[in-house]
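Novice: Take this structure, written in structure tokens, and hold onto it; I'll ask about it next.
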């Protein structure tokens, strides 16, 4: 069975517990983080995650909504993109 994966991009002001809160949300939705990169660039926190959502209890739409809500609560911008969609766009 092929994996279904998403990219999660987080932008905003660096704050304590940021990675833990986003990671916990993904864990609570039965997602597995496969790769994570983060840094602070000129005062802006930037994080990209690649997560396997194959076992996710809810669909990507519901997960995206939960992540965006978490971002709003934390004053962050969180974007979610399906890996398959990105790969298809690159082939065009």
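We did not get these values from a lab; they are worked out from the coordinates using the rules stated. Quick caveat: nothing in here was measured; it's all calculated off a predicted structure.
Novice: What is the extension gain from residue 9 to residue 73, computed as 0.36 nm multiplied by their sequence separation minus the C-alpha to C-alpha distance, in nm to one decimal?
Specialist: On the way: separation 64, 0.36 × 64 = 23.04 nm, distance 1.59 nm.
Working it through step by step, the gained length comes to 21.4 nm.
Novice: Further question: On full extension of the chain, what length is gained from residue 2 through residue 21, given 0.36 nm per residue of separation minus the C-alpha to C-alpha distance? Let's see the in-between values first.
Specialist: On the way: separation 19, 0.36 × 19 = 6.84 nm, distance 2.77 nm.
Between residue 2 and residue 21, full extension yields an extra 4.1 nm.
Novice: At q = 0.13 Å⁻¹, work out log10 I(q)/I(0) for segment 5-91 with the Debye formula, treating every Cα as an identical point scatterer and leaving solvent out; two decimals please.
Specialist: For segment 5-91, the Cα-only Debye profile gives -0.39.
Novice: Please tell me the relative contact order of segment 5-91 in percent, rounded to the nearest whole number, where contacts are Cα pairs under 8 Å and at least six residues apart. The partial results should precede the final answer.
Specialist: Values: 130 pairs, mean separation 36.5, N = 87.
In percent, rounded to a whole number, it is 42.
Novice: Can you tell me the length gained on complete extension of the stretch residue 65 to residue 30, counting 0.36 nm per residue apart and subtracting the Cα distance?
Specialist: My answer for the length gained is 11.1 nm.
Novice: What angle, in degrees between 0 and 90 and rounded to the nearest 10, separates the Cα long axis of helix 60-74 from the longest principal axis of the Cα atoms of the chain?
Specialist: 0
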